[in-house]
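This report concerns only the one structure given below.
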Amino acid sequence: MQTQQQALDGASAFIQYMQKEVIDTYHAPRLDLVGILPVLIQPGAPVDNLTLQNAVEEFGQANILPTSIHQMQRLKRYGVTGITDDSRYDKKVFEVYKQVVNDILSRIEANE
C-alpha cells in the first residue's frame, strides 16, 4: 500500500471486496491476509506518517508488515535500465526486498 490516502482507501475497498465477493459469495473456507506492505514511504513526511497511522488504526498493527519500502531513486532507475546488481545501492535495495520476503515467509509458516 502506498502511503497516500487513495491507496489506503483502495486497500480497504479491496479487502471488503474480497470478503463479500470471494469469502461470502463462494463460501471460501479460508482466505488469509499475509500482511500489508507499506511502499514508497518518505521518512518523516507528515502525509506518509498519517496514512500509516490510519492504516494501523483500520487494519491493526499485526496486519502491517514490519519492513517497508522507502522511496528510493534506485527503484525509479530500474524502470529505465532494468534491474541491475552492480552497485552497493542495488545491494541495498535487494536487502530490503529479501527482508520483505522473509517477513512474508515467516507469516505463512506461522499460519500453517
| message | Please list 3J(HN,Hα) in residue order for segment 31-37, calculated via the Karplus relation 6.51 cos²θ - 1.76 cosθ + 1.60 where θ = phi - 60°; whole Hz, with x for glycine and proline. | response | 9, 9, 8, 6, x, 9, 9
| Around Ile69, which amide H atoms from residues at least 5 apart in sequence, or from another chain, sit under 5 Å from its own amide H, with H modelled in the peptide plane? | Val39, Leu40, Ile41
| task | Net charge near Leu8: determine it from the other residues with C-beta under 15 Å of the C-beta of Leu8, scoring Lys and Arg +1 and Asp and Glu -1. | result | -4
| Between segment 25-52 and segment 71-112, how many Å separate their Cα centres? | 17
| Cα long-axis angle, helix 5-17 against the chain (0 to 90 degrees, to the nearest 10) | 40
| Which of the listed residues, Phe59, Gln4, Gly82, is farthest toward the dipole's positive end in the chain, when Lys, Arg count +1 and Asp, Glu count -1 at the beta-carbon? | Gly82
| task | Using a 1.4 Å probe and ignoring any ligands, DNA or RNA, find the accessible area of Thr84 and quote it in Å² to the nearest 10. | result | 30
| message | Of the listed values (1) 12.7; (2) 11.0; (3) 8.5, identify the label whose number matches mean projected area of the Cα convex hull in nm² calculated from this model. | response | (3)
| query | From the backbone phi of segment 87-99, what are the Karplus-calculated ³J(HN,Hα) couplings (6.51 cos²θ - 1.76 cosθ + 1.60, θ = phi - 60°) in whole Hz, Gly and Pro given as x? | reply | 10, 5, 5, 4, 4, 5, 4, 4, 5, 5, 5, 4, 5
| said: Can you tell me the orientation of helix 46-59 relative to the chain, as the angle in degrees between its alpha-carbon axis and the longest Cα principal axis, to the nearest 10? | reply: 30
| query | Check Ile64: other-chain or 5+ apart residues with amide H under 5 Å from its amide H, H built from backbone geometry? | reply | Ile36
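The values are calculated or read from the model by the stated rules, or taken from the named source; none is laboratory data. On a predicted model such as this, the values are computed, not experimentally measured, just so you know. Positions of Cβ are generated from backbone atoms using ideal geometry, with glycine treated the same way; all protein chains shown enter the neighbour counts. For the accessible areas, the whole protein counts, side chains as well, though only heavy atoms, and no ligand, DNA or RNA atoms are used. Shrake-Rupley method; radii C 1.70, N 1.55, O 1.52, S 1.80 Å.
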